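The values are calculated or read from the model by the stated rules, or taken from the named source; none is laboratory data. Bear in mind that the values here come from a model prediction, so they are computed numbers and not experimental data. Quick reminder, even Gly has a Cβ in these numbers, built from the backbone with ideal geometry, and neighbours come from all protein chains shown. Heads up: the accessible areas ignore ligands, DNA and RNA and are worked out on the full protein's heavy atoms, side chains in. Shrake-Rupley method; radii C 1.70, N 1.55, O 1.52, S 1.80 Å.
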Amino acid sequence: MTNSRKLIIVGQTPPPYNGQAKMILQMIDGLRGEFDLLHIRMAYSDSVVSAGKFGFSKIVHLFHLIRETRRALKKHPSSVLYYPPASPNLIPVLRDILFLCVVRPLAGKTVFHFHSGGVSEFISRHAWIKPVAMKAYGCPDLAIELGESCPRDGKFFGARQVFIVPNGIDVPLSVENRESAVSRLKILYVGIHTETKGLFDLLATAGELKRRGVDFEIRTAGLWYTDKERLRFEELRARMDLRDEVQTLGQKTGGDLQSLYAWADVFFFPTFYQWETFGIVQLEAMAYGLPVVASDWPGPKDVVLDGETGFLCPARDTMKFADALQSLAEDRELVVRTGQAGRRRYEQFYTAECFIGKLKQILNEVSV
């Protein structure tokens with residue numbers, strides 16, 4: 001039976017293949033049948049590297065979204081408007097403000113899902129924008145945040161209710177029983193390739209592992225955020241003589257990405273991105289039975305149990321990263337044990353069923 005209120009979802013679905021787009025698509029699929037929903041697709045960017053950047057086509061799309069959303073809200077009075085607030089950057093925030101100030105007055109109730117955390121801290125640092133921003137974002141009926149370590153955006157904006165709902169996914173394949181006799185440690189990173197995601201720390205860690213005589217191979221999958229960073233990385237990799245040990249493979253999706261997870265022994269996530277919120281790549285890795293070595297940083301610290309499902313190291317501490325990876329290289333039973341523990345944690349907390357079940361519960365409450 002569908003809920004009495006129309007649920008109007010304004011949000012991006014792939015492409016791009018980032019965490020937010022994947023989760024919104026999964027949410028839409030999971031809520032169909034229980035909610036009378038309408039999806040108005042947000043399509044500002046078709047690539048993660050163009051997200052948050054200015055473009056005239058994005059202005060045109062903004063007015064298209066406003067027109068379509070207002071039309072839907074007028075047709076379905078008292079509807080619940082679901083909206084994922086922007087990343088904490090000026091252009092996306094200004095875009096949100098215009099959209100929400102024009103659209104929200106027509107909505108019966110409003111739900112904000114903070115996939116990109118930190119917009120409240122951005123507004124706090126830019127006092128000139130705060131009055132109009134509070135008009136746009138203020139007092140939603142419900143705010144959804146991803147984890148305990150994420151910014152408290154819902155509280156800042158005076159949400160009537162705030163719930164923490166971790167992301168959850170279904171993974172087509174899983175590898176629960178890994179070979180413990182293979183000598184070379186196979187390390188995987190998946191995500192956007194940029195300095196604050198830890199790509200240069202990954203390279204420094206690789207250099208330290210090689211200096212220690214650890215037998216390893218690192219493969220990375222994802223797009224470079226800038227050509228300048230890519231060229232710098234390649235030059236540094238060559239200078240450090242790591243071209244054989246560290247391979248960058250570009251963006252991988254579908255079966256190609258699944259094959260990489262199945263290939264790997266360990267997942268490495270050395271992020272220090274200021275607005276990190278969750279990182280579903282960690283969940284994918286855990287589903288494949290991979291221990292996760294990550295920064296002790298918002299996002300990973302909500303997911304990884306240090307010493308049990310992997311290791312949390314101080315952000316940017318490449319010696320500690322190397323210590324953790326070396327311990328796994330030298331103890332293959334530790335790889336298996338922590339990987340299996342991660343798989344169990346994924347099954348308990350981070351499946352699509354867990355995610356959709358929690359969303360159904362809280363959205364049913366706000367839709368009455």
* To do: Please arrange 188, 94 by accessible surface area, largest first, computed with a 1.4 Å probe and ligands excluded.
  => 94, 188
* Structure fact -> Once 44, 225 are ranked on solvent-accessible area with the largest value leading and a 1.4 Å probe, the list reads 225, 44
* **Heavy-atom surface of the chain, accessible at 1.4 Å and reported per residue (Å²)** => 42
* Asked: Given 58/360; 22/58; 22/74; 228/252; 155/358; 301/358, which pairs have Cα atoms separated by over 25 Å?
  -> 58/360; 22/74
* To do: Specify whether the C-alpha gyration tensor of the chain places it in the rounded, prolate or oblate class, a ≥ b ≥ c being the square roots of the eigenvalues: rounded for a/c under 1.5, otherwise prolate if a/b is larger than b/c and oblate if not.
  => prolate
* To do: Identify the trypsin sites (Lys or Arg not before Pro) of region 126-176 meeting these criteria: DSSP loop state and at most 16 other C-beta atoms within 10 Å of the C-beta.
  => 152, 160
* **By accessible area with a 1.4 Å probe, ligands and nucleic acids excluded, highest first: order of 101, 139** => 139, 101
* Asked: Given a Förster radius of 25 Å and the C-beta distance between residue 316 and residue 337 as r, what FRET efficiency does 1/(1 + (r/R0)^6) yield to the nearest 0.05?
  -> 0.35
* To do: Evaluate the distance, in nm, between pseudo-label points positioned 7 Å from the Cα of residue 129 and of residue 226 along their respective Cα→Cβ axes.
  => 1.9
* **Highest to lowest packing among 344-357, 255-268, scored as the average C-beta count within 10 Å** => 255-268, 344-357
* Structure fact -> GNM of the chain, Cα pairs under 10 angstrom: of 167, 18, 89, the biggest fluctuation goes to 89
* So how exposed is residue 201, as accessible area in Å² (1.4 Å probe, rounded to 10)? -> 10
* Structure fact -> Each label sits 7 Å from Cα toward the beta-carbon; between residue 353 and residue 240 the label points are separated, in nm, by 4.2
* To do: If a/c stays under 1.5 just call it rounded; otherwise compare a/b with b/c (prolate if a/b is bigger, oblate if not). Do that for region 159-272, with a ≥ b ≥ c from the square roots of the Cα gyration tensor eigenvalues.
  => oblate
* **Gain on full stretching of the segment that runs from residue 184 to residue 308 - 0.36 nm per residue minus C-alpha separation** => 42.4 nm
* **Inter-label distance, nm, simple model (7 Å from Cα along the C-beta direction), residue 78/residue 43** => 3.3
* Asked: Roughly how many percent of the accessible protein surface of the chain is carbon and sulfur, given a 1.4 Å probe and a whole-percent answer?
  -> 52
* To do: Report the extension gain between residue 60 and residue 160 in nm, rounded to one decimal, defined as 0.36 nm multiplied by the number of residues separating them, less their alpha carbon distance.
  => 32.7 nm
* State whether region 263-368 is rounded, prolate or oblate according to the following rule on the C-alpha gyration tensor (a ≥ b ≥ c being the square roots of its eigenvalues): a/c under 1.5 gives rounded; otherwise a/b larger than b/c gives prolate, and the remaining case gives oblate. => oblate
* **MRE, 222 nm, helices only [DSSP H, n ≥ 4, -39500 (n - 2.57), over the chain, to nearest 500]** => -13500 deg cm²/dmol
* Among the aspartates and glutamates, which fall within straight-line cross-link reach of residue 109, defined as a Cα-Cα distance under 20 Å, with same-chain neighbours fewer than 8 residues apart omitted? -> 34, 36, 68, 96, 141, 145, 153, 365
* Structure fact -> Length gained, residue 29-residue 101, 0.36 nm per residue minus C-alpha separation, equals 23.1 nm
